[in-house]
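Working notes, structure below.
Please treat every number below as a calculation from the coordinates, not as lab data. The shown structure was predicted, so the numbers you read here are calculated from the model rather than taken from an experiment. Virtual Cβ from ideal backbone geometry, glycine too; neighbours counted across all protein chains shown.
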Amino acid sequence: MHTRSYFFIILFLQALFMACKTTEKTLEQTNLVPEHYRNQEDGQQDSSSIAGIAWRDFFSDSILRQLIDTALVHNVDMQLAVKNIEAAQLTLKQAKAGYLPDVNLQVTANTSRPSDNSLNGLSLNQFLEGSKHIEDYTAAVALSWEADIWGKVKNRKTEALASYLQTAEAKKAIQTRLIATIAQGYYNLLMLQEQLKVAHQNLLLNDSTLHIMKQQYEVGEITLLGLQQTEAQRMAAASLVPDFEQQINIQENALSILSGKLPEAVATKTILDNISVPETVDAGIPSSLLSRRPDVKQAELAITAAQANQRYAKANLYPSLTISAQAGVNAFKASDWFTVPASLFGTAIGGITQPILQRKQLKTQYKLAVIDQEKTVIQFRQSVITAVGEVSDALVALNKLKERQAIASSRTLKLQQAIHNADLLFNTGMATYLEVITAQSSVLQSELELAQLKKAQLVALVDLYRSLGGGWQL
């Protein structure tokens with residue numbers, strides 16, 4: 001009868017606690033994303049996006065794919081991200097075990113020699129004649145379990161799950177940025193190789209011009225000043241060669257380090273002009289960033305984790321119901337220790353604990369948890385704004401670089417024709433050496449700029465791919 005009464009008392013108290021439980025305020029959702037990106041062309045505002053393309057399909061160059069493959073396995077940041085995921089998995093498993101009771105095996109043996117004039121000593125002489133020691137031997141299984149009335153265990157599990165998912169999204173974010181960095185570095189390497197080729201061709205042109213100038217100087221057709229200026233022009237063109245070679249080596253080293261390897265040469269198989277930039281690029285709609293961009297998703301999961309931690313801190317302010325039990329064997333003599341059923345015993349205790357003196361400390365922890373949750377909301381909003389801004393920047397870069405390249409291509413073609421005409425006019429005495437030097441310098445700068453613009457277009461394309469959330473798909 002007493003057991004049934006105790007059981008109903010516990011049910012009544014639990015129902016009372018649940019009735020007093022406050023209702024959690026839901027987070028007000030604000031529309032953070034616009035309907036379309038700034039600088040987005042008409043007809044590109046559907047749900048399709050280049051972010052949905054797997055990186056192996058987005059990049060067609062076999063050498064670039066090989067570099068990315070190697071980096072995804074051996075890059076230090078990627079390896080650390082994998083270890084963070086493994087650690088988060090263990091934390092999540094531990095949180096899931098929170099519903100299970102604590103079970104301990106206890107084995108104790110003790111002996112004491114009380115005073116003959118003490119209560120224990122006098123009692124010992126009555127019950128255990130001839131013995132001066134009190135012995136006690138216990139082997140028991142102890143169980144302790146806290147009822148999850150306020151959802152402490154549930155919220156700890158929710159927080160651990162959100163943290164685990166955050167590490168997964170962090171790995172995706174590292175992967176997207178790593179792929180973009182390698183691709184941009186690879187395109188920079190192709191640009192430097194193209195510029196080195198232009199420098200070599202221009203150096204040969206300067207050698208040819210200098211040879212003609214020397215012949216004309218010998219026959220007195222030009223002055224020493226003209227010859228010296230031509231030689232200086234040739235030296236300026238020659239100095240570009242070691243500069244580009246140095247930059248090529250540095251870029252190759254950077255790509256090797258990103259791939260987790262010691263610095264080595266990168267054997268490219270293509271040239272910059274062979275890599276095309278699509279005429280139109282699908283950017284999709286801004287709302288897709290919430291599900292595609294790993295850093296935005298990570299910030300959203302941070303809100304979930306902070307909300308769970310806030311609920312846990314609030315639950316600590318309420319009473320906790322703990323049930324403990326113990327069962328085993330107990331005896332005063334070692335010979336009777338395992339005499340069953342005479343040595344069997346069992347106890348069960350239910351207790352309610354309400355923090356009093358610690359309430360101010362727990363309340364402060366709850367207020368701090370509320371502030372942390374509000375901070376995560378602000379950080380989430382900022383991550384969305386930043387993501388939309390990065391997409392808009394990449395779109396305007398692609399649009400304007402296309403216009404600049406068209407102008408630069410026409411300018412380079414005109415200058416190449418001009419240098420040919422300058423050589424013809426110079427040979428017939430209708431143009432001065434200054435006009436020839438100026439034409440050669442202009443075409444060199446124009447060809448170098450053309451390579452830079454092509455690289456900038458490819459970099460902007462990769463940046464758009466990354467900013468839209470592309471690169472983590474297999």
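At-a-glance table
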read-out	value
Segments 444-455, 178-189, 260-271 sorted - mean Cβ within 10 Å per residue, highest first	178-189, 444-455, 260-271
Relative packing of peptides 463-471, 341-349 - highest average C-beta neighbours within 10 Å first	463-471, 341-349
Spatial separation of Cα centroids for the range 332-348 and the range 242-281, in angstrom	79 Å
Exposure proxy ranking, count of Cβ atoms within 10 Å, fewest first, for Ile323, Ile356	Ile356, Ile323
Inter-part distance where the range 282-329 and the range 45-115 are each reduced to a Cα centre, Å	17 Å
Listed peptides 248-255, 394-401, 407-414 by packing density, highest first (mean Cβ within 10 Å)	394-401, 248-255, 407-414
Pairs beyond 20 Å (Cα-Cα), from Lys197/Lys269; Lys157/Lys360; Lys172/Lys297; Lys96/Lys152	Lys157/Lys360
